[in-house]
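What follows is a set of notes on a single structure, which appears directly below.
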Amino acid sequence: MSKLLNATDDEALLGTPEPPASPKKRVQALDAFRGFNIMLMIFVDNVGGTFPIIDHSPWNGVRLADLVMPWFDFMVGVSIALSFKRFVKPSGNRCQGLKKAMWRFVKIFVLGMLTQGCEDLFVCNLKYIRIMGILQRVAVCFLITALVELYTGTETLVRQHVDEGEEEAHQAVCKRSRGHLMCCFLLCTVWMCIMYGVDVPAAYGEQCGRGVLTPACNAQRVVDASVLGVNHMYYPTNGGDHAGRDITFERMPNCSTCSPGKCVPPVNASVWCAKAPFDPEGLVSSLTAAAGTSIGAHVGFVLLCLRKDTWRLRHWLGVGLLMITVSLPFHYSGAQPWNTDLYTITFLLLTSGLGCLMLALFYWLIEIQQRCMVVFRPMTWVGKNAITVYLLAESGFPQFLCSVFYINNDPQQNLSNILWPTGTYWGDKGQDDHRPLEPSRNWYIVVWALGYISVWTGVAWKMHQNKWYVKL
């Protein structure tokens, strides 16, 4: 399902995009940002249970873990802008581009279902298999943005700063990405029509209606359940989970005694805590996630259309600050809060704006100032094999291999349980075997997670040394 590429291949989705200025020069800031994001993903996934303050927000609001996937989808859009330009040239073959886009979509989507849609590694109950997931959403975001580029894209004309003014150059970027900006607008419009137009009937003891963005009453839950079916939504409410995976609103004060951590539920826990089916990577939230990928494509065209570094930085900073600023009053007034599970438009604007600022920072430090390269170089190794490192670190396969070896004739004392700390204090587990009394806040877990990241960074370095770049 994957193949090894030469380092100069310009078609890589998440690994090796073609640099804009010269076919011989890579934009290392892209690799570094991508690698940093994968490292951050591994970190929050392993430390979030120990320090819930950095874990996903239980419902409204944004925490560190909430930034990871939006930035991932954002970078998919940047890569599409760089790698699909060959297909939209007058001499390009759009049909060939369509074949590649469809084949990549299928590979990423199926891989996501195999690694994230099952009850456990190599244990898939088709009655309860989860259809959507992290990689499945990446596949959907990629396909939508790739199709827009193939059917609306035109040959990119580089704006030389000696030929025209800066204002005209920025306008040229917007003109080049107008198809993607229109797609972003349409996706957000459809999301708004669903979330504020669907009349949700009363559920789980609450009166609902239109535009109610609570765990029990949001329209996303109803639409996803109608299309996907409850059995094929996220664990554990579909009935097929035995590993204790949870949805984030189970860490709200209504459902957990140590919110924002996931602990034993309070005596008067809300009915919807354990019964409301919900998929954080469902179909409805994927609409606005794909809009973030379209914004990423616009950011990628900045690299293609503008050759002057200061113009690129101004464009990214301006767009980023504008999106963040627009989101602030809507969130703090309560009109539409930031929400990663619903992927609200305010959340889209905030995360995409921060993505622009982060890319500008990496570009300034690495490409212009060329500072801290000792720090950034490991990130570039990981960034060149982003999906590979992500799957190896997050799929559970290393834990599965280690669980084969155990001591004292006790399978529970296997290497997996010994090497992978839980980050929680169990004590008297109370009503739920999967819920502790409180997070441990043990700094040993942080040190362990950093060591785990170092191991996979070493793997990425070895792959880089041998020029092994895996592309889906």
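The values are calculated or read from the model by the stated rules, or taken from the named source; none is laboratory data. The structure presented is a predicted model; accordingly, all values stated were derived computationally and were not measured. Quick reminder, even Gly has a Cβ in these numbers, built from the backbone with ideal geometry, and neighbours come from all protein chains shown.
For the reader, a short list of remarks on this structure follows.
- Which listed residue is aliphatic (A, V, I, L, M) and part of a loop (DSSP other than H, G, I, E, B), from Val212, Val222, Val227: Val212
- Among the criteria (1) in contact with a Ser or Thr (Cβ under 6 Å, 6 or more places away or on another chain); (2) without any contact (Cβ under 8 Å) to a residue 40 or more places away in the chain; (3) over 25 Å from Ala139 (Cβ atoms), the one Val374 does not fulfil is (1).
- Residue match in segment 298-317 (condition: surrounded by fewer than 24 Cβ atoms within 10 Å (Cβ to Cβ) and of a type in the set (S, T, N, Q)): yes
- Those helices (runs of 4 or more DSSP H) lying entirely in segment 385-472 with at least 1 residues modelled with pLDDT of 80 or more and of a type in the set (Lys, Arg): 443-465
- Residue that is surrounded by the most Cβ atoms within 10 Å (Cβ to Cβ), among those in segment 174-209 that are among the small types (Gly, Ala, Ser) and part of a helix (DSSP H, G or I): Gly179
- Taken together, Ser294, Ser259 contain a single residue that is in contact with a helix residue (DSSP H, G or I) (Cβ under 8 Å, 6 or more places away or on another chain), crowded, with 22+ Cβ neighbours inside 10 Å and not aliphatic (A, V, I, L, M), which is Ser294.
- Among the residues making up segment 215-231, those that are surrounded by fewer than 21 Cβ atoms within 10 Å (Cβ to Cβ) and either touching a residue at least 24 places away in the same chain (Cβ under 8 Å) or of a type in the set (Lys, Arg) (or both) are Val222, Val223, Ala225, Val227, Leu228, Val230, Asn231.
- When residues in segment 301-330 are screened for being in contact (Cβ under 8 Å) with a residue 60 or more places away in the chain and either closer than 27 Å to Gly282 by Cβ or of a type in the set (Lys, Arg) (or both), 3 of them pass.
- Within segment 318-344, tally of residues that are closer than 17 Å to Thr288 by Cα, surrounded by fewer than 24 Cβ atoms within 10 Å (Cβ to Cβ) and aliphatic (A, V, I, L, M): 3
- Tally, over segment 93-102, of residues that are free of Cβ contacts under 8 Å to residues at least 40 places away in the same chain and touching a helix residue (DSSP H, G or I) at 6+ places or on another chain (Cβ under 7 Å): 2
- Those helices (runs of 4 or more DSSP H) of segment 266-343 in which at least 2 residues are more than 30 Å from Leu437 (Cα to Cα), considering only elements entirely within it, cover 283-305, 309-332.
- Pairs where the first residue, in segment 103-115, is over 18 Å from Ile144 (Cα atoms) and the second is surrounded by fewer than 19 Cβ atoms within 10 Å (Cβ to Cβ) and at pLDDT below 90, C-beta under 6 Å, 6+ apart: Thr115/Ser395
- Filter result for the condition that a residue is in a helix (DSSP H, G or I), within 16 Å of the chain's Cα centre (by Cα) and among the aliphatic types (A, V, I, L, M), over Val44, Val110: Val44
- Members of segment 47-84 that are touching a residue at least 12 places away in the same chain (Cβ under 8 Å), in a helix (DSSP H, G or I) and over 11 Å from the mean Cα position of the chain (by Cα): Val47, Pro52, Ile53, Leu64, Gly77, Val78, Ser79, Ile80, Ala81, Leu82, Ser83
- Qualifying residue in segment 195-203 (condition: within 25 Å of the chain's Cα centre (by Cα) and not hydroxyl-bearing (Ser, Thr, Tyr)): yes
- Any hit, segment 122-135, residues being touching a Ser or Thr at 6+ places or on another chain (Cβ under 8 Å) and closer than 21 Å to Ala32 by Cα: yes
- Verdict on Val138 being crowded, with 24+ Cβ neighbours inside 10 Å, of a type in the set (Val, Ile, Thr) and either modelled with pLDDT under 95 or part of a helix (DSSP H, G or I) (or both): yes
- Of all residues in segment 79-124, those that are in contact with a strand residue (DSSP E or B) (Cβ under 9 Å, 6 or more places away or on another chain) and buried (at least 22 other Cβ atoms within 10 Å of the Cβ) total 6.
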